[in-house]
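Report on the structure given below.
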Amino acid sequence: MMTNPTGRLTQGQFSFLPDLTDAEIALQIEYGLKKGYAWAVEYTDDPHPRNTYWEMFGMPMFDLNDAAGVMLELKSCRDTFPTHYIRLVAFDSTRGVETIAMSFIVNRPPVEPGFGLVRQETNGRTMRYTIRGYEAERAEGERYRK
Amino acid sequence: MAMYNIPGSVTTPVPGATPAKAGEVVEQGDGVRTARTVAEVMAQSQAGDVLDELDRELVGLAPVKARIRDIAALLVIDRLRMNQGLQAQTPSLHMSFTGNPGTGKTTVALRMAQILHRLGYIRKGHLVAVTRDDLVGQYVGHTAPKTREVLKKAMGGVLFIDEAYYLYRPDNERDYGQEAIEILMQVMENNRDDLVVILAGYGDRMETFFQSNPGMRSRIAHHLEFPDFAEGELLRIAEMMLEQQNYRFGPGARETFQEYIAHRIRQPQFANARSVRNALDRARLRQASRLFANPDKELTVDDLSTIESPDIRASRVFDLGAAATPNN
């Protein structure tokens, strides 16, 4: 994308920053827990800046007191999907809010080839533009393999 | 490598994550001098208060208190070692509490969570109390997520498994309890810094449990034996319970209760402090109906808070006790 020439997927919080370390991730989780959010781990291998529908790994985690529990779940997700995109989402269950309050990527494939621009010719000389991930050409489950 | 630091990620390092080099004086971020004496650590952590509270509010249990003091001492010394830049390997603090019913296993576990939190061994200091039902699932594939969920909730605190011997059912080899035990052992080993597991149960049954799960026994560093209370201790427990609820013994009632304990202790299904609590609850019931029977009387604070001797004397235990010893 033009605003992000590196090809990295940018979505949610902190995605323009260098990858967070585990200690930094734990601090963010800790912040969310203090706010009373419920964390969940989600993964996908079909990235798009606007694809918000990822698969959830396990159950959302309610009633946690410490970041170690979420980190445990994140570790098992990383073991299962080492080259997928993984993100943590925090659900705020406050009445009237009831939505995702935080979301950030915590695992990326080793190589992110980025997104290509697709041009579509329509009426007259009008052009329509969209983007498409290079890896999305391959079948689900075979993307981001070395 | 990192281009810039994320705010908050540098100012609050995880405690113990970056031990100082040997001999180096470490200043803490807020300018507090690093503790060099036991007293300083105790003052900073307020663990001493909890230990004193334990002494004051828990009657008896001398061996248990001694062991808790040992553990607290080790943690304080470890803290001092870390401040001096010496290696301080986090000790394994998983425990098993064995003892007869009503000897204070749950109460001590709750205190243990506070003490370990004050000493900085666990991060949050909450206690998650579970039994077999909370860990073991109903069908294939149900147990692992269920156990993991409980473990995740307990992270940063203490996981207290009451009547832990029910986890293992030798009569059914396809019982899912074994699966829960395996997950439990794995987390006890790998996440030693994140949570402390306390297994509790009656002595003889826990013994069989450990015999059939030797891995479990070796992963538990502290086996605490809870002794039965003596009669005098039970009386003091009763007085403290009454005090907490704003009651007190009337004239002669203390002696009557002493007599009651002497009878009750010899009867089957005696559950130490729990029996005392139940006896007091029944005495309160009788006191209430005694006051209730006299609707026109103006009741003073004294009337409302005094347990009289007859309130206790009315107990069935005295009849049974008399029947058992004909010369009484």
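Observations on the structure shown:
- Qualifying trypsin sites (Lys or Arg not before Pro) in the range A:1-51, DSSP loop, other Cβ atoms within 10 Å at most 15: A:Lys35, A:Arg50
- Sites matching trypsin sites (Lys or Arg not before Pro) across the range B:163-215 that sit in DSSP coil, with at most 13 neighbouring C-beta atoms within 10 Å: B:Arg174
- Coil-residue chymotrypsin sites (Phe, Trp or Tyr not before Pro) of the range B:33-142, DSSP, other Cβ within 10 Å capped at 15: B:Tyr139
- Take the Cα of B:Thr107, step 7 Å toward its Cβ, do the same at A:Ser93, and the gap between the two points is 3.3 nm.
- The label point for B:Ala129 and the one for B:Asp281, both projected 7 Å from the Cα toward the Cβ, are 1.3 nm apart.
- Rg/Rh for the range B:233-328, where both radii come from Cα atoms and Rh is the Kirkwood radius: 0.99
- With R₀ set to 45 Å, the beta-carbon distance separating B:Asp49 from A:Arg50 gives a calculated FRET efficiency near 0.25.
- For A:Met61, distant residues with modelled amide H under 5 Å away: A:Trp39, A:Ala40
- Legend: residues in the range B:140-156 shielded by at least 50 square angstrom of accessible surface upon adding the remaining protein chains to the isolated chain (1.4 Å probe, heavy atoms) are B:Lys152, B:Lys153, B:Met155.
- Spin-label zone in the range B:146-179 - amide nitrogen under 19 Å from a point set 7 Å from the Cα of B:Arg274 along the C-beta vector: B:160-168
- Accessible surface for chain A, divided over its residues, is 59 Å² per residue with a 1.4 Å probe.
- For the pair B:His142 and B:Leu74, label points projected 7 Å from Cα toward Cβ lie 3.8 nm apart.
- Shape class of the range B:49-208 from the alpha-carbon gyration tensor: oblate, with a/c at 1.5 or above and b/c at least as large as a/b.
- When the C-alpha to C-alpha distance is required to be over 28 Å, the pairs from B:Lys65/B:Lys146; A:Lys34/B:Lys105; A:Lys75/B:Lys65; A:Lys75/B:Lys105; B:Lys65/B:Lys124; A:Lys35/B:Lys65 that qualify are B:Lys65/B:Lys146; A:Lys34/B:Lys105; A:Lys75/B:Lys65; A:Lys75/B:Lys105; A:Lys35/B:Lys65.
- Accessible area (Å², per residue) of the range B:130-206, counting only protein heavy atoms and a probe of 1.4 Å: 45
- Under-5 Å amide H pairs with B:His223, H placed in peptide plane, nonlocal only: B:Ser96
- Adding -39500 (n - 2.57) for every DSSP H run of four residues or longer, then dividing by how many residues chain B holds, sets the calculated 222 nm ellipticity at -15500 deg cm²/dmol.
- For the range B:67-152, the square roots a ≥ b ≥ c of the C-alpha gyration tensor eigenvalues yield an a/c of 1.5 or more together with a/b not exceeding b/c, which makes the shape oblate.
- Ordering B:Ser309, B:Ile198, B:Leu291 by the projection of their Cα atoms onto the charge dipole of chain B, which places +1 on the Cβ of Lys and Arg and -1 on the Cβ of Asp and Glu, puts B:Ile198 at the extreme positive end.
- Bridge type composition, the protein assembly as shown - antiparallel percent by DSSP, nearest 5: 55
- Among residues other than A:Arg8 with Cβ under 14 Å from its Cβ, the summed charge is -1 (Lys and Arg +1, Asp and Glu -1).
- Accessible heavy-atom area order of A:Thr126, B:Thr103, highest first, probe of 1.4 Å: A:Thr126, B:Thr103
- Whole-percent P(r), the range B:149-246, all Cα pairs, 5 Å bins from 0: 2, 11, 19, 19, 15, 11, 8, 9, 5, 1, 0.
- Whole-percent carbon and sulfur share, accessible surface of chain B, 1.4 Å: 51
- Solvent-free Debye scattering, log10 I(q)/I(0), computed from the Cα coordinates of chain B at q = 0.11, 0.16 Å⁻¹: -0.87, -1.27
- Most positive-pole-ward Cα, A:Ser76, A:Leu117, A:Gly7, against dipole of chain A from beta carbon charges: A:Leu117
- Counting charges near B:Glu308 (Lys, Arg +1; Asp, Glu -1) among other residues having Cβ under 13 Å from its Cβ returns a value of +2.
- In Å, descending, principal axis extents of the Cα set of chain A: 59, 40, 25
- Paramagnetic label reach from B:Glu207 (point 7 Å along Cα→Cβ; backbone nitrogen cut-off under 20 Å): within the range B:213-250, residues B:213-229.
- Coordinate range along principal axes, alpha carbons of the protein assembly as shown, Å, largest first: 113, 58, 55
- Rounded to the nearest 10 square angstrom, B:Ile77 shows an accessible area of 80 square angstrom against a 1.4 Å probe.
The values are calculated or read from the model by the stated rules, or taken from the named source; none is laboratory data. Computed from a predicted model, the values in this text were never measured in an experiment. Positions of Cβ are backbone-derived with ideal geometry, glycine not excepted, and every protein chain shown enters the neighbour counts. Just the protein is used for accessible areas: all its heavy atoms, side chains included, with ligands, DNA and RNA removed. Shrake-Rupley method; radii C 1.70, N 1.55, O 1.52, S 1.80 Å.
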